[in-house]
Amino acid sequence: MVRLASGRGLALAGLLALAATSVASPARADEPEAAPPAPIVPPRLLTSVAAPYPADAEGDAVVTLAVSVDAAGAVEDVRVLEGYEPFASAAIESVRGARFVPASRDGRAIAATVRFRVDFTKPAPEPAPAPEPEPEPEPADSSEAPSPRPAPRARPTDVVVRGGRAAVGAGAAESLARAEVRQLPGAFGDPFRAIEAMPGLTPVLTGLPYFYVRGAPPGNVGYFFEGVRVPYLFHFGLGPAVVHPALIAKTDLHRGGYPAALGRYAGGIVDSQAMPPGDRLHGEGQLRLIDAGALVETPFAGGKGAALAAARYSYTAALFTLLSSDTTLDYRDYQARVSYALSDRDTVSVLGFGAYDFAAQRQTIDPNQRPIFVDPGASREPRDVTRVLFASEFHRADVRWDRTLPRGGKLRAAATLGFDRTRVESHRAATDTMTGARVELTQPLAPSVLLRTGADLVVDRYTADSLPAFSDDDDVVVRQRNIFVERVDFATGARVDAVVTTIPNTEIVPGVRLDVYGSGPARALAVDPRLTTRFFVSDRLRIVHAYGLASQAPSTPIALPGITIARLRGGLQRAVQTSAGVEVDLPSDFTAVGTAFHNAFYDLNDALGTAQVELIDLERSEALLAKSRGSAYGLEIGLRRKLTRRVAGLASYTLSRSMRTVDGQRLVSAYDRPHVLTAALSVDLGRSWRAGTRLVTYSGIPMRPGVPAFAEQLVGVPPERTPAFVRLDLRLEKRWRIGQTGWISGVLEALNATLSREVTGYACQTALALPGIESAAPRCFERVIGPVSVPSLGVEGGF
């Protein structure tokens, strides 16, 4: 390890060394020896780097960063691979403004990522001031004065060549790094839950991770982890993410106009990337009142390979039993990854992950009151039965081969297997067995042109079975046949886009997707063009435009494993997405974003937005098949200072309107919320204490007539909208350091600490007119949910 010189009270920074030698297979005797690949000349640091020791920090620490250096030698991205606060933020700031001589191969500058290590050593206490000595005469020859010790030069050798900038061609995506997510109150450290703090999202119900994204319903939002499609990213209800937080490096929210690599969804897309394989043994664990989880990773074969395992288990079912509750809620998930470098250019890996959710309620059945479900010879005594409200699971296995190509290109070939199964409160269970294959290529064609292309095929085999208590001619089973259909669906296609920077200070990304959908005998074709432009007006000001057409097969209101609408009923859903925005880097490390958007929807499946079904309702299958047109437009404003700073925060505000057209009638969407505001503040209190709070408030939904569900408060004529909702989330953390790399922290966190209750609608009744009695005024009842509140007390640790 090479260290950089630093002054008193400053951290010593250095660069991890990793041999960048080629691994060549022995040549056969009868074959000429192949020429070795051109060596990579690593980036060379031009500016000194010194990280000041954080105020109120304790002990020594080590932070490892992944620093992305572009072909011009500028630092464009910094990620924390290992380390914790407040040292992580200090390390990031120390290298963010550094300048490098870029990496090169064959004399050509290339983009690369180097691993950077920052060592923090607590400075010794200042000695007591000594009496000032008598001034001495100046030396006659100034050359006798001691010269300062020169700073040693550092040579980064842990180099990963990239085919362009980390954020190149990312369009209008917004990202959250894991270090920031940990500090967001109410997110419980889960990157997927933290996306609700971004502008452009409209919640369906507080606490539930289901959102309208720029007017598109929850079922039109796609989820990807490491390029693999998953049905959902959150455990049922208020559960955490289905992937351990320590495995997630970054989560991108694409609200529209996304790259051509992402498609087959007519709304937003959440794309998450895993942490790269580690080069040392490390792990994290978490123990909370409701669940426990752990992750561990270790290298093998001299660092050529790495193996990772992670899991989380909820013991809420046992807690509910102890509390004599009639409700059962259970969830668990797992992840495993093995990677191995065959050479300096080739890596193979296997990624597996899955999740299971179960929710049920215990009931007492009296056969005397419901004889239709009772065998005539069975006992007539009341008995307790378990009513399954929701049972779901999914599993994925992804096998990849990655190859680094000349000039910084990348090639990936992968195959995926998947299994999904869902049983909602219905009379059938649905299963999906998925197989898929994909190939992806990223290749610079010129210094100012980066080509990105790929193709894939996904085949889904759906099966369904009636539950034992119900026959195939059961009325509900018959109605659900439009969804629970045994069939084979497929989607295949190709895509291409190019990141063009030929024009100075301008990035243009034209692209197109071509997809073919099949369901049983039905077929559908989609051609989706995309265009994103980014104008770098100055070092601090950027203008971003995004346009695109997005297509999707028919869908249910929310994504459920194994359940889709069969045979492409009604045709593909389509969305025309447009947006224009500005990004400004403000003083004190603040970033402001403002975006205006307009989306138009055609042949949309949005039974929620047209108020035809509840959130999870599979018994009204005809309503799920109903089509509508719609539009959404608005303004998104965001202000952000990285949550890893000592005093940090974010604010996001969305002003929008969402409309639907059904049977020629234009109406406001049932989940139109004109105003959505989130504001979060996180403060380092010193001595490894950190506190934070988050305010969430949004408008009510348009009033819709309904049936009484939760009759709470009698009101008069209901307003046009339900009341606005306001909640406050809290987080408090204390961290202790153990050894050089270990840490442990206690975390107290609460979602909806104010115990706010949300009005979801009204149920109105009109009194009957009786002879001689004047009719009474209409009576309306509020339908109230909550308070939906999740307190959490836990311990986290890592090494």
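The values are calculated or read from the model by the stated rules, or taken from the named source; none is laboratory data. As the structure is a computational prediction, the values presented were derived from the model and not from experiment. All Cβ positions, even for glycine, are placed from backbone atoms using ideal geometry, and neighbour counts span all protein chains on display. Side chains included, ligands, DNA and RNA excluded: accessible areas come from the protein's heavy atoms. Shrake-Rupley method; radii C 1.70, N 1.55, O 1.52, S 1.80 Å.
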Give the range 666-685 a look and list any residue that's over 24 Å from the mean Cα position of the chain (by Cα), buried (at least 18 other Cβ atoms within 10 Å of the Cβ) and part of a strand (DSSP E or B), or say none.
ASP684
Condition check for GLY267: modelled with pLDDT of 90 or more, surrounded by 22 or more Cβ atoms within 10 Å (Cβ to Cβ) and either farther than 30 Å from ARG574 by Cα or not hydroxyl-bearing (Ser, Thr, Tyr) (or both)
yes
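Condition check ((1) farther than 30 Å from ASP589 by Cα; (2) under 30 Å from the mean Cα position of the chain (by Cα); (3) in a loop (DSSP other than H, G, I, E, B); (4) at pLDDT below 80) across all residues:
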{"residue": "VAL80", "(1), (2), (3), (4)": "no, yes, no, yes"}
{"residue": "TYR84", "(1), (2), (3), (4)": "no, yes, yes, yes"}
{"residue": "ALA91", "(1), (2), (3), (4)": "no, yes, no, no"}
{"residue": "PRO123", "(1), (2), (3), (4)": "no, no, yes, yes"}
{"residue": "GLU126", "(1), (2), (3), (4)": "yes, no, yes, yes"}
{"residue": "GLU132", "(1), (2), (3), (4)": "yes, no, yes, yes"}
{"residue": "PRO137", "(1), (2), (3), (4)": "yes, no, yes, yes"}
{"residue": "SER143", "(1), (2), (3), (4)": "yes, no, no, yes"}
Out of all the residues in the range 755-799, which are modelled with pLDDT under 80, outside any loop (DSSP other than H, G, I, E, B) and over 22 Å from VAL204 (Cβ atoms)?
CYS764, GLN765, ARG779, CYS780
Of the numbered conditions (1) over 23 Å from PHE490 (Cβ atoms); (2) touching a strand residue (DSSP E or B) at 6+ places or on another chain (Cβ under 7 Å); (3) open to solvent by less than 40 Å² (accessible area, probe 1.4 Å), SER551 satisfies every one except a single condition; which is it?
(1)
Hey, any hits in the range 463-474 for a residue that's at pLDDT 90 or above, touching an Asp or Glu at 6+ places or on another chain (Cβ under 9 Å) and open to solvent by 50 Å² or more (accessible area, probe 1.4 Å)?
no
Would you check which residues across the range 231-246 are in a strand (DSSP E or B) and either over 14 Å from the mean Cα position of the chain (by Cα) or surrounded by fewer than 24 Cβ atoms within 10 Å (Cβ to Cβ) (or both) and list them?
PHE234
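To keep it simple, each residue is scored yes or no on (1) open to solvent by 50 Å² or more (accessible area, probe 1.4 Å); (2) in contact with a Ser or Thr (Cβ under 6 Å, 6 or more places away or on another chain); (3) under 30 Å from PHE419 (Cβ atoms); (4) at pLDDT 85 or above.
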| residue | (1), (2), (3), (4) |
| --- | --- |
| GLN335 | no, no, yes, yes |
| LEU351 | no, no, yes, yes |
| VAL374 | no, no, no, no |
| ARG380 | yes, no, no, no |
Kindly indicate which of ARG660, ARG629, ARG641 is farther than 19 Å from GLY200 by Cβ, in contact with a strand residue (DSSP E or B) (Cβ under 6 Å, 6 or more places away or on another chain), basic (Lys, Arg) and modelled with pLDDT of 90 or more.
ARG629
With the first residue restricted to the range 641-668 and required to be more than 30 Å from ARG690 (Cβ to Cβ), and the second required to be surrounded by fewer than 18 Cβ atoms within 10 Å (Cβ to Cβ) and basic (Lys, Arg), Cβ contacts under 7 Å at 6 or more apart or on different chains are MET659/ARG666; THR661/ARG629
Restricted to the range 623-665 and to residues being touching a helix residue (DSSP H, G or I) at 6+ places or on another chain (Cβ under 8 Å) and under 19 Å from LEU604 (Cα atoms), the residue least open to solvent (accessible area, probe 1.4 Å) is LEU624
At pLDDT below 70 and either open to solvent by less than 20 Å² (accessible area, probe 1.4 Å) or of a type outside the set (A, V, I, L, M) (or both): does that describe PRO37?
yes
Quick one: what pairs do we get from the range 332-351, first residue within 15 Å of THR404 (Cα to Cα), second among the aromatic types (Phe, Trp, Tyr) and open to solvent by 30 Å² or more (accessible area, probe 1.4 Å), C-beta under 6 Å, 6+ apart or different chains?
VAL348/TYR340; VAL348/TRP401
Residues of the range 412-448 being in a strand (DSSP E or B), open to solvent by less than 40 Å² (accessible area, probe 1.4 Å) and not small (Gly, Ala, Ser), in sequence order, are THR416, ASP420, THR422, VAL424, ARG428, THR431, ASP432, MET434, ARG438, THR442, GLN443, PRO444
Residue ID - nearest to GLY562 (Cα to Cα), chosen from residues in the range 202-213 that are open to solvent by 10 Å² or more (accessible area, probe 1.4 Å) and in contact with a Lys or Arg (Cβ under 9 Å, 6 or more places away or on another chain)
PRO203
All but one of (1) charged (D, E, K, R); (2) under 25 Å from ARG229 (Cβ atoms); (3) at pLDDT 90 or above hold for ASP252; which doesn't?
(3)
